[in-house]
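Undergrad: This structure is in structure tokens; I'll ask about it shortly.
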Amino acid sequence: MSGLEDRRTPALEPAERLAVHFAGEGAGVDEMSWGMWEIWHAMVDQRSSLPIGGRMALPAGTAVTDVAEELRYLMSRFPSMRTLLRFDAAGWPTQELFGSGSTTLEVYDAGDTDSDEVADQVEQHYRTTDFDYTTEWPVRMAVVRRDGHATHLVSIMSHLVTDAVGGTIMLRDVQRRSTEPVTGMNPLEQAGWQRSPAGQRQNDKALRHWERILKVIPARRFPPSTEPRTPRHWTGLFESRALRLAVPVIAERTGTDTQTVLQTLYAVVLRRINVTGPVVVRPVVNNRFRSDLSDVVCMVAQAGISVLEIGDSTVDEAVELTRRGTLATYKHAYFHPEKLDELVARVSAERGESVDVQCFLNDRTTHRPPEEGTEPGSEEFAQRLRKSRADSEFRWIHHKEDPVSAFYVAFDDLPGALLMEIQTDTQYFSSVDAEALALGMEEIAVEAALDPGTRTGPLAGAGPAEREPDQGRATRTSDQAPDQASDQAPEQLR
């Protein structure tokens, strides 16, 4: 009835289960908010709770009761953690927010086993066991204990709880143990507003914008894949020091930000590879510029739509083109996802062909200024930037039949580098083209950082065929869902 299939792993047995009681503001039942619908679609499509979180070593002297109090704080303060789903006979979900309740902190004894190994086993068990959305709170927390001392925390949440920005807000409040009133609309209140005349006007305005675009863009974004694979769904990771150095330099020179630059580079290289017509990208918009959503811990991010006519210009001119389109993209990235699906289906039927909008971009990086020693025109910087490409690492880490978006790229911060994650359906966008995208973005970023006159035309020099796909060290080796590579919330909870 939930639309997700259960994939449970053999259960690990905790030594103790501590009841943690909580109480917070708000209670009631309503439709799911638009942000909840957005992630629910992804969860159903991928048959996964898309868990976020991980494990961390605890500071010496941490007591199990300290962790229990932290869990109580989380559950009490953030309404999304006290929310369950209800399904009608047709499987239609609604949300129910509870004002109080009880959850469980599990305690595992490591015995003679390495504590981190036990924590890893608990984490994998939590990740691979889908949440029961109707009866189980969407937060799982455990403590690993050795010789009577708490050594590790494991915390895994369903993605229904929050998006990446909400996770940052949650960590900030936990670190401060803030007692100030929570501001902004919780998901229950959002659903009420979205159903109101004002909310319906926002939805209608957004969908009119989408309809204008859907009626005129080429129906097919990419030509047929030249290299369909089995399994068909591949995930790769690209770690680049060069992107971390180059992108802020371009952003400062053009008076924009790193998000705009990354989207531009993404669009330019897509156009170089094989995009037909304008580049149509679905950038994930955090929607936190909306005053009632700026400080809430929940899912409010949604994928907007951006149409870029990348022609023969300089990269700087393409950045300005992207910047000018940002406002329209952001304004119209707040809508009912179910209504958008109906719109896409209707326009496709009217055109007599399926309109493809399955190219996603999720930039979770933070805007950073250029590093010291990155002065444009400096020969020392030029040499440093070009040499940094030798440290870049690309590796395919997943080959699965689990359905994912046709083409999805995410960017995350790493210490001194950027991490680029690519998920592709190889029957839609080949693995060769996907790797060419990563390497091409790095190459044009380096050249544009050093030369403001860099053009958006074809790249010269080495292509992906001259570099083995698995060359270099792996940046990630575990089987992680899309957001798990970056949303490591528990590592910063304390």
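The values are calculated or read from the model by the stated rules, or taken from the named source; none is laboratory data. Just so it is clear, the structure is predicted and the values come from calculations on it, not from any experiment. Don't worry about glycine lacking a Cβ; one is built from the backbone with ideal geometry, like all the others, and counts go over all protein chains shown.
Undergrad: Does any residue of the range 186-205 turn out to be in contact (Cβ under 8 Å) with a residue 60 or more places away in the chain and at positive phi?
TA: No, there is no match, as no residue in the range 186-205 is in contact (Cβ under 8 Å) with a residue 60 or more places away in the chain and at positive phi.
Undergrad: So, one more: Quick one: in the range 264-278, which of the residues that are surrounded by fewer than 24 Cβ atoms within 10 Å (Cβ to Cβ) and in contact with a Leu (Cβ under 9 Å, 6 or more places away or on another chain) is farthest from Leu437 (Cα to Cα)?
TA: It comes out as Pro278.
Undergrad: Quick check, is Val161 of a type in the set (A, V, I, L, M), at pLDDT 95 or above and in contact with a Leu (Cβ under 7 Å, 6 or more places away or on another chain)?
TA: no
Undergrad: Another question, then. Out of (1) assigned to a strand (DSSP E or B); (2) on the phi > 0 side of the Ramachandran plot, what's the single condition that is false for Gly91?
TA: All conditions pass for Gly91, except number (1).
Undergrad: I'd like the full set of residues that are within 20 Å of Ile52 (Cα to Cα) and over 21 Å from the mean Cα position of the chain (by Cα), limited to the range 149-172. I'd like the intermediate steps shown before the answer.
TA: As a first pass, look at the range 149-172 and keep what is within 20 Å of Ile52 (Cα to Cα): 152-172.
Within the range 149-172, His152, Leu153 qualify.
Undergrad: Let me ask another. Cβ contacts < 6 Å: first residue under 23 Å from His233 (Cβ atoms) and not assigned by TED's automatic domain parsing to the domain that holds Ala164, restricted to the range 391-419; second residue modelled with pLDDT of 95 or more and of a type in the set (S, T, N, Q), any location; separation 6+ or different chain. Result?
TA: Going by the 6 Å Cβ cut-off, the qualifying pairs are Ala410/Asn362.
Undergrad: Let me ask something additional. Taking Val20 as the residue in question, decide whether it is at pLDDT 95 or above, within 30 Å of Lys339 (Cα to Cα) and either of a type in the set (A, V, I, L, M) or assigned to a helix (DSSP H, G or I) (or both).
TA: So Val20 does not fit the description; no.
Undergrad: Continuing with this model, one more query. Do you know which of the residues in the range 119-162 that are polar (S, T, N, Q) and assigned to a strand (DSSP E or B) is nearest to Val174 (Cα to Cα)?
TA: The extreme case among them is Ser155.
Undergrad: Kindly indicate whether any position in the range 61-75 is touching a Ser or Thr at 6+ places or on another chain (Cβ under 8 Å), under 28 Å from Glu180 (Cβ atoms) and in a helix (DSSP H, G or I).
TA: Here is the first cut: in the range 61-75, the ones touching a Ser or Thr at 6+ places or on another chain (Cβ under 8 Å) are 71, 75.
This time we only want the ones that are under 28 Å from Glu180 (Cβ atoms), so: 71, 75.
So of that shortlist, the ones also in a helix (DSSP H, G or I) come out as 71, 75.
Yes, the range 61-75 has at least one match.
Undergrad: Continuing with this model, one more query. For the range 130-145, which residues satisfy the criterion of being of a type outside the set (Asp, Glu) and either crowded, with 24+ Cβ neighbours inside 10 Å or farther than 13 Å from Ile52 by Cα (or both)? Explain how you work it out, then say what you get.
TA: If we filter the range 130-145 for residues that are of a type outside the set (Asp, Glu), which is where we start, we get 131, 133-135, 137-145.
Within the range 130-145, Phe131, Tyr133, Thr134, Thr135, Trp137, Arg140, Met141, Ala142, Val143, Val144, Arg145 qualify.
Undergrad: Also, I was wondering about something else. Please verify whether the range 308-325 includes one or more residues that are of a type outside the set (S, T, N, Q), closer than 25 Å to Ser80 by Cα and assigned to a strand (DSSP E or B).
TA: no
Undergrad: Further question on the same structure: Looking only at residues that are part of a loop (DSSP other than H, G, I, E, B) and aromatic (Phe, Trp, Tyr) in the range 326-346, which one is surrounded by the most Cβ atoms within 10 Å (Cβ to Cβ)?
TA: Residues of the range 326-346 that are part of a loop (DSSP other than H, G, I, E, B), as a first pass: 332-336.
Within this subset, residues satisfying the condition of being aromatic (Phe, Trp, Tyr) are 334-335.
Details: Tyr334: 22, Phe335: 24.
Looking at residues that are part of a loop (DSSP other than H, G, I, E, B) and aromatic (Phe, Trp, Tyr), I get Phe335.
Undergrad: Taking the condition touching a strand residue (DSSP E or B) at 6+ places or on another chain (Cβ under 8 Å) and either at pLDDT below 95 or within 18 Å of His21 (Cβ to Cβ) (or both), does Thr65 pass?
TA: no
Undergrad: Can I ask one more? How many residues, within the range 354-385, are over 30 Å from Ile39 (Cβ atoms) and in a loop (DSSP other than H, G, I, E, B)?
TA: 10
Undergrad: Can you spot a residue in the range 171-178 that is assigned by TED's automatic domain parsing to the domain that holds Thr104, at pLDDT below 95, farther than 22 Å from Val284 by Cα and surrounded by 14 or more Cβ atoms within 10 Å (Cβ to Cβ)?
TA: Among the residues of the range 171-178, at least one is assigned by TED's automatic domain parsing to the domain that holds Thr104, at pLDDT below 95, farther than 22 Å from Val284 by Cα and surrounded by 14 or more Cβ atoms within 10 Å (Cβ to Cβ), which makes the answer yes.
Undergrad: Of all residues in the range 23-33 being of a type outside the set (S, T, N, Q) and either touching an Asp or Glu at 6+ places or on another chain (Cβ under 9 Å) or outside the structural domain of Pro138 (by TED's automatic domain parsing) (or both), which is modelled with the lowest pLDDT? Write out each step before concluding.
TA: Kept after step one, since they are of a type outside the set (S, T, N, Q), are these residues of the range 23-33: 23-32.
With the extra rule that they be either touching an Asp or Glu at 6+ places or on another chain (Cβ under 9 Å) or outside the structural domain of Pro138 (by TED's automatic domain parsing) (or both), the set shrinks to 26-30.
Numbers: Gly26: 94, Ala27: 97, Gly28: 97, Val29: 97, Asp30: 97.
Filtering first and then ranking leaves Gly26.
Undergrad: What is the number of the single condition among (1) surrounded by fewer than 19 Cβ atoms within 10 Å (Cβ to Cβ); (2) modelled with pLDDT under 95 that Ala349 does not meet?
TA: Result: Ala349 passes all but (2).
Undergrad: A follow-up question, please. When you scan the range 219-226, do you find a residue that is among the small types (Gly, Ala, Ser) and at pLDDT below 95, even just one? Spell out the reasoning first.
TA: The initial filter retains those residues of the range 219-226 that are among the small types (Gly, Ala, Ser), namely 219, 225.
Subset that is at pLDDT below 95: 219, 225.
Scanning the range 219-226, I find at least one residue that is among the small types (Gly, Ala, Ser) and at pLDDT below 95, so the answer is yes.
Undergrad: Here's another thing I want to ask about it. For the range 386-436, give me every one of the strands (runs of 3 or more DSSP E) that falls completely inside it and has 2 or more residues that are surrounded by fewer than 21 Cβ atoms within 10 Å (Cβ to Cβ) and not acidic (Asp, Glu). Steps first, answer last, please.
TA: Values: elements: 393-400, 407-414, 417-425.
Filter on the range 386-436 gives 393-400.
Let's see how each residue does on (1) within 30 Å of Glu401 (Cα to Cα); (2) surrounded by fewer than 21 Cβ atoms within 10 Å (Cβ to Cβ); (3) free of Cβ contacts under 8 Å to residues at least 40 places away in the same chain; (4) within 26 Å of the chain's Cα centre (by Cα):
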position	(1), (2), (3), (4)
Arg47	yes, yes, no, yes
Leu71	no, no, no, yes
Arg82	no, no, no, yes
Thr94	yes, yes, no, yes
Ser102	no, yes, no, no
Leu105	no, no, no, no
Asp112	no, yes, yes, no
His125	yes, yes, no, yes
Asp147	no, yes, yes, no
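Undergrad: Now a separate question. If only one of Asp341, Asp295, Asp316 is modelled with pLDDT under 95, assigned by TED's automatic domain parsing to the domain that holds Ala448 and among the charged types (D, E, K, R), which one is it?
TA: Checking each option against the conditions leaves just Asp295.
Undergrad: Within the range 261-269, identify whether any single residue is small (Gly, Ala, Ser) and either at pLDDT below 95 or closer than 27 Å to Leu340 by Cβ (or both), and answer yes or no.
TA: Scanning the range 261-269 turns up at least one residue that is small (Gly, Ala, Ser) and either at pLDDT below 95 or closer than 27 Å to Leu340 by Cβ (or both).
Undergrad: Check Arg212, Arg221 and return the single one that is in the same structural domain as Glu338 (by TED's automatic domain parsing), closer than 27 Å to Glu317 by Cβ and surrounded by fewer than 18 Cβ atoms within 10 Å (Cβ to Cβ).
TA: Answer to the check: Arg212.
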